[in-house]
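As structure tokens, the structure follows; a few thoughts come after it.
The values are calculated or read from the model by the stated rules, or taken from the named source; none is laboratory data. Everything numeric in this text was worked out from a predicted model, so none of it was measured. Backbone-built Cβ (ideal geometry, glycine too); neighbour counts: all protein chains shown. Calculation scope for accessible area: heavy atoms of the full protein, side chains included, ligands and nucleic acids excluded. Shrake-Rupley method; radii C 1.70, N 1.55, O 1.52, S 1.80 Å.
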Amino acid sequence: MKKDRFMVKYMLMLIAFFSINLTMFNNVLGQGVVVTTPPINGTTTWGGITYNLQTTQAIIVDTIYVNTSGTVGSTVNLEVWYNPTAINGQPATFTGAPWVNIISSQAVDAGVDLAAITIPGGLSIPAASNWGFYIGDPNFTNTGVRYGSSGSVSTVTDGIVTIEIGNNVGYGWVRNSATTNHPRYFAGGVNYNFAAACTGAPTAGNAVASTSVCANENFSLSLAGNTSATDLTYQWMSSSSA
């Protein structure tokens, strides 16, 4: 009996040791991964899905993972948009502001649980933020992503980054359509790094428009190739000529 108690105590200490050191290891690397799969499984194919991403610290998201439809060995094209305001109810159709396009069309692996969408330069998200995200087919078909039509959780977190899904957040939806499926559960995740404070002269990068710029039409501007760091402020300038 004493031997059994000793072994139980030893195993608990060993588990605690590995848990503490795994946390320290992640902090040293300065990065983390949060995924909703499992427990969420991609059981339904549709053209798009929404979710919220909340963070307590300043981070840079370099990869978004999503469950994709299609034949393994082929690819599907997906777009990614974000809104600096969290989703709380059915989003209206959009082609620009307040939504910002960060991936207009990227070919990713089809028919896999966690297809990687790479964000060039990374997406900087300030501390204490809760942003809405949309991933979908840029051609507005009803294929491309897979999500859960039901779910046992509404949040998945590592204590720093939280993915919110389900009621009033998760909509199986194509962004140019009024037809939605709700509640739905994003099957995927993010890879992120902790944002470092800016030092030296930052790189401004290039302004990128979400669509062709035409008179009296809304559009979104974002930056590509810019320095990703905290403690930066941005001032947009305009001109009536190129």
With the condition kept exactly as written, say whether any residue in segment 118-138 is more than 27 Å from Phe194 (Cβ to Cβ) and of a type in the set (Val, Ile, Thr).
no
When you go through (1) assigned to a loop (DSSP other than H, G, I, E, B); (2) in contact with a Gly (Cβ under 9 Å, 6 or more places away or on another chain); (3) touching a residue at least 60 places away in the same chain (Cβ under 8 Å) one by one for Pro183, which number turns out not to apply?
(3)
Hey, Asp158 hits all of (1) over 18 Å from Gly32 (Cα atoms); (2) surrounded by fewer than 16 Cβ atoms within 10 Å (Cβ to Cβ); (3) in contact with a Gly (Cβ under 7 Å, 6 or more places away or on another chain) but one; which does it fall short on?
(1)
Just wondering, is there one or more residues in segment 204-220 that are modelled with pLDDT of 80 or more, assigned to a loop (DSSP other than H, G, I, E, B) and surrounded by 14 or more Cβ atoms within 10 Å (Cβ to Cβ)?
no
Is there a residue in segment 164-177 that is out of contact with any Ser or Thr (no Cβ under 8 Å at 6 or more places or on another chain) and closer than 20 Å to Tyr65 by Cβ?
no
Gly188 vs. criteria crowded, with 21+ Cβ neighbours inside 10 Å and either in contact (Cβ under 8 Å) with a residue 12 or more places away in the chain or under 25 Å from Gln90 (Cβ atoms) (or both):
yes
What residue, among those in segment 170-180 that are among the hydroxyl-bearing types (Ser, Thr, Tyr) and in contact (Cβ under 8 Å) with a residue 24 or more places away in the chain, is least open to solvent (accessible area, probe 1.4 Å)?
Tyr171
